[in-house]
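K.L.:
Sharing a structure with you now.
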Amino acid sequence: MRRAVVQEIAKGWNDDPQTFDFLCDRAIQDPFKLTKSWETTPRQTALAAILQYYRDKPQTLELLETIANNDLDEKLKEFAKKELAKLNEKPVGT
């Protein structure tokens, strides 16, 4: 349920300045517990939304690097690493 809420907030209010902060908070601190290996968590949903709507923000790269290097959620860590590799292939603003 929280994953759907995160998606809708990102989609409907991505032009609101507070949405970026909300998504960053969800990407870092959402207390979701994975119950199925294929499940997408609210944290991954928030990070994907950040990449979709706020790719050009300098904080996005910092957030990706932090998650890729330090997160305890291996699935989210792997997602962040893949997205960092994509950014390195096609730098922000190109």
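K.L.:
If you scan the stretch 1-39, which residues turn out to be of a type in the set (Lys, Arg) and farther than 19 Å from Leu51 by Cβ?
P.N.:
Initial filter on the stretch 1-39 (of a type in the set (Lys, Arg)): 2-3, 11, 26, 33, 36.
Of everything in the stretch 1-39, those that are of a type in the set (Lys, Arg) and farther than 19 Å from Leu51 by Cβ turn out to be Lys33, Lys36.
K.L.:
Hey, another quick one. Those residues that are assigned to a helix (DSSP H, G or I) and at pLDDT below 95, I need them from the stretch 1-18; list them, please.
P.N.:
Let us first name the residues in the stretch 1-18 that are assigned to a helix (DSSP H, G or I), namely 2-12, 17-18.
Hits for the stretch 1-18 are Arg2, Arg3, Ala4, Val5, Val6, Gln7, Glu8, Ile9, Ala10, Lys11, Gly12, Pro17.
K.L.:
Quick one: what pairs do we get from the stretch 50-75, first residue within 16 Å of Leu87 (Cα to Cα), second surrounded by 11 or more Cβ atoms within 10 Å (Cβ to Cβ) and among the polar types (S, T, N, Q), C-beta under 6 Å, 6+ apart or different chains?
P.N.:
Here the result reads Ile50/Thr60; Tyr53/Asn14; Tyr54/Thr60, each pair linking the stretch 50-75 to a residue that is surrounded by 11 or more Cβ atoms within 10 Å (Cβ to Cβ) and among the polar types (S, T, N, Q).
K.L.:
Yes or no: the stretch 76-88 includes at least one residue that is touching a residue at least 40 places away in the same chain (Cβ under 8 Å) and over 10 Å from the mean Cα position of the chain (by Cα).
P.N.:
No; the residues of the stretch 76-88 include none that is touching a residue at least 40 places away in the same chain (Cβ under 8 Å) and over 10 Å from the mean Cα position of the chain (by Cα).
K.L.:
Looking only at residues that are of a type in the set (D, E, K, R) and in contact with a Pro (Cβ under 6 Å, 6 or more places away or on another chain) in the stretch 1-18, which one is surrounded by the fewest Cβ atoms within 10 Å (Cβ to Cβ)?
P.N.:
Selected residue: Arg2.
The values are calculated or read from the model by the stated rules, or taken from the named source; none is laboratory data. In this text, all values refer to a predicted model and were calculated from it rather than measured experimentally. Positions of Cβ are backbone-derived with ideal geometry, glycine not excepted, and every protein chain shown enters the neighbour counts.
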